Amino acid sequence: MRKRCSLVGMPGSGKSTVGRQLARRLNVPFIDLDQRLEEVLGSTIRQYFEEKGEEAFREREATLLAELTSTPGDMILSTGGGAVLREDNRTNLLAGGGSVMYLRASPDEIFKRIRHDKTRPLLQVANPLQRLRDLYAVRDPLYRAASHYVIETGRPTVNTLVNMIVMQLEMDQ
């Protein structure tokens with residue numbers, strides 16, 4: 001079985017959590033794009049955003065994503081929530097030799113999961129739930145365009161989601 005998969009979705013949809021467990025289950029490397037970016041940038045994404053701006057960050061993100069999607073071998077790649085904003089990123093994900101799974105969660109579900117998380121710049125606004133709804137309205141069609149499959153993350157446990165993805169990967173063979 002080919003064990004290469006990228007996960008896309010809103011911040012808080014479970015990409016890192018599910019990705020880590022999926023990689024463990026399949027015994028392949030797990031790469032968190034945001035974590036790798038922070039290593040490359042030498043700062044947090046939040047700091048980089050504040051110092052250099054979103055455009056500079058998106059450039060660095062696109063370069064790293066292109067590198068990773070063109071690297072051969074099995075891996076589970078968890079992308080940042082905004083990675084799909086650029087068309088070249090969506091193209092690279094789909095062409096990257098593996099299945100792309102959109103972990104779909106509603107803004108309300110995401111808000112319940114991450115409302116107390118102070119590390120997410122996204123939520124440091126007056127109305128974080130409305131912010132999530134606005135982002136979802138823009139990004140949902142992009143996640144769908146950048147993925148082969150949509151996995152609903154509303155009710156299932158992480159283990160159930162991992163099982164669903166493994167079954168999908170097996171059917172892709």
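The values are calculated or read from the model by the stated rules, or taken from the named source; none is laboratory data. This is a predicted model, so every value here is computed, not measured. Backbone-built Cβ (ideal geometry, glycine too); neighbour counts: all protein chains shown. Accessible surface is based on the protein model in full, side chains and every heavy atom, while ligands, DNA and RNA are left aside. Shrake-Rupley method; radii C 1.70, N 1.55, O 1.52, S 1.80 Å.
Please give every one of the aspartates and glutamates within straight-line cross-link reach of Lys3, meaning a C-alpha to C-alpha distance under 19 Å, and leave out same-chain neighbours fewer than 8 residues apart.
Reachable aspartates and glutamates: Asp32, Glu67, Asp74, Glu170, Asp172.
So what is the 222 nm mean residue ellipticity for the chain from helices alone, if each DSSP H run of at least 4 adds -39500 (n - 2.57) and you divide by all residues, rounding to the nearest 500 deg cm²/dmol?
Values: 8 runs with 95 residues, N = 173.
Calculated mean residue ellipticity at 222 nm is -17000 deg cm²/dmol.
Relative contact order for the chain: what is it in percent, counting Cα pairs under 8 Å that are at least 6 residues apart? List each step's numbers first, then the result.
Values: 250 pairs, mean separation 58.9, N = 173.
For the chain, the relative contact order is 34 percent.
How high is the relative contact order of the range 96-171, in percent, with contacts defined as C-alpha pairs under 8 Å that are six or more residues apart? Before the final figure, lay out each step's value.
Details: 58 pairs, mean separation 35.6, N = 76.
Averaging sequence separation for qualifying contacts and normalising by length gives 47 percent for the range 96-171.
Over the chain, with a single point scatterer placed on each C-alpha, what log10 of the ratio I(q)/I(0) does the Debye formula yield at q = 0.20 1/Å?
Results for the chain at q = 0.20 Å⁻¹ read -1.49.
Lys112: which lysines have alpha carbons under 24 Å from its alpha carbon, excluding same-chain residues fewer than 8 sequence positions away?
Those lysines meeting the cut-off are Lys15.
More than 24 Å apart: what percent of Cα pairs in the range 1-94 qualify? Present the calculation step by step, with values, prior to reporting the outcome.
On the way: 726 of 4371 pairs.
Tail of P(r) above 24 Å: 17 percent of Cα pairs.
Could you sort 110-119, 8-17, 70-79 so that the peptide with the highest average Cβ count within 10 Å comes first and the rest follow in order? The partial results should precede the final answer.
On the way: 110-119: 14.0, 8-17: 23.8, 70-79: 18.5.
Order by mean packing, descending: 8-17, 70-79, 110-119.
For the chain, report the accessible area per residue in Å² (1.4 Å probe, heavy atoms, rounded to an integer).
Numbers: 8690 Å² over 173 residues.
The answer is 50 Å² per residue.
With a 1.4 Å probe and all protein chains left in place, how much of the accessible area of the chain comes from carbon and sulfur atoms, in whole percent? Can you show the working numbers first?
Numbers: 4260 of 8690 Å².
Carbon-and-sulfur percentage of accessible area, whole number: 49.
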